[in-house]
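The values are calculated or read from the model by the stated rules, or taken from the named source; none is laboratory data. Only a predicted model underlies this, so the values are computations on that prediction, with no experimental measurement involved. Calculation scope for accessible area: heavy atoms of the full protein, side chains included, ligands and nucleic acids excluded. Shrake-Rupley method; radii C 1.70, N 1.55, O 1.52, S 1.80 Å.
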Amino acid sequence: MTSVPHRFAPVQRLLHWLMALCIIAMLFIGVGMVSTVMPEYLPLILIHKTLGVALLVLVLVRLALRLHLGAPPLPVDLPPAIKLGARLSHLLLYGLMIVMPLLGLGMLWAAAYPVVLFGGIEIPALLPQSDRVHTLLWNAHVYLGLAFFAVVLLHLAAALFHALVRRDGVFATISPLPQRERMKPTE
């Protein structure tokens, strides 16, 4: 019989917080890129592309770890609607973490832009040049980026709700700092 973890594994917590910082940076860099034509545009593009590809790799590692190591259960007394919202919002977050970099890559390939990352690493194009596809992918990347920002804010609000209002130990499962044991029973 396997035991249910009370906290995410240290590697899961490290990846969560590292990716959280990178995703927030990506969202703001993305806004900065579309709002400037200054010389800062090209370095922002390079950072955005490199972080996007790195985040795609990291989210795949995170998913593998989650499948292998599992996740702590939610508190038993958490209302079913909140449990469902937590599961759906996590699926949405993981989905967006995978889709956003793929849309960005596809958008660049469809515009016939080379995808060159830090260190001169070049990712070969997997799509032919197409103005129509580029426009479609660009629009999807922008609008899903805004949706991603909203979901991140919702995730942050839920974390604060669990940490400061309910104080049910949910935040402690992912906190990078040592936490007291939660007092409420889990399912």
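For segment 90-133, the Kirkwood radius over C-alpha pairs fed into Stokes-Einstein at 20 °C and 1.002 mPa s yields D = 188 µm² per second.
Listed values for segment 58-67 are Karplus-derived 3J(HN,Hα) couplings in whole Hz (6.51 cos²θ - 1.76 cosθ + 1.60, θ = phi - 60°), namely 5, 5, 5, 5, 4, 4, 4, 5, 5, 5, and x replaces Gly and Pro. Amide H contacts for VAL115 (H built 1.01 Å from N in the peptide plane; partners 5 or more residues away or on another chain; cut-off under 5 Å): ILE123. With respect to the chain, whose longest principal axis is taken over its alpha-carbon atoms, helix 10-34 is tilted by about 40°.
Against the main long axis of the alpha-carbon atoms of the chain, helix 131-160 sits at an angle near 20°.
For the full complex of protein chains and a 1.4 angstrom probe, list ILE23, ILE121, ILE82 by accessible area with the highest value first. Let's see the in-between values first.
Values: ILE23 20, ILE121 100, ILE82 65 Å².
So the residues, ranked largest to smallest area, are ILE121, ILE82, ILE23.
On the protein heavy atoms, probe 1.4 angstrom, tell me the percent of accessible surface of the chain carried by carbon and sulfur.
Numbers: 8810 of 11690 Å².
Roughly 75 percent, rounded to a whole number.
Computed per residue of the chain from DSSP H runs no shorter than four, each worth -39500 (n - 2.57), the mean residue ellipticity at 222 nm is -22000 deg cm²/dmol. How large is log10 of I(q)/I(0) for segment 1-106 at q = 0.12 Å⁻¹ when the intensity is taken from the Debye formula with one equal scatterer per alpha-carbon? Relative scattering, expressed as log10 I(q)/I(0), comes to -0.52.
Of the residues ASP77, ASP131, ASP168, the one with the largest accessible area comes first in the ranking ASP131, ASP77, ASP168, computed with a 1.4 Å probe on protein heavy atoms.
Per residue, how much accessible surface does segment 73-159 expose to a 1.4 Å probe? Answer in Å², no decimals.
Per-residue value: 59 Å².
Gyration tensor over the Cα atoms of the chain: the corresponding equivalent ellipsoid has semi-axes (square roots of 5 times the eigenvalues, largest first) of 36, 17, 15 Å.
Size of segment 100-166: Rg and Dmax of its alpha carbons, in Å, are 16.9, 52.
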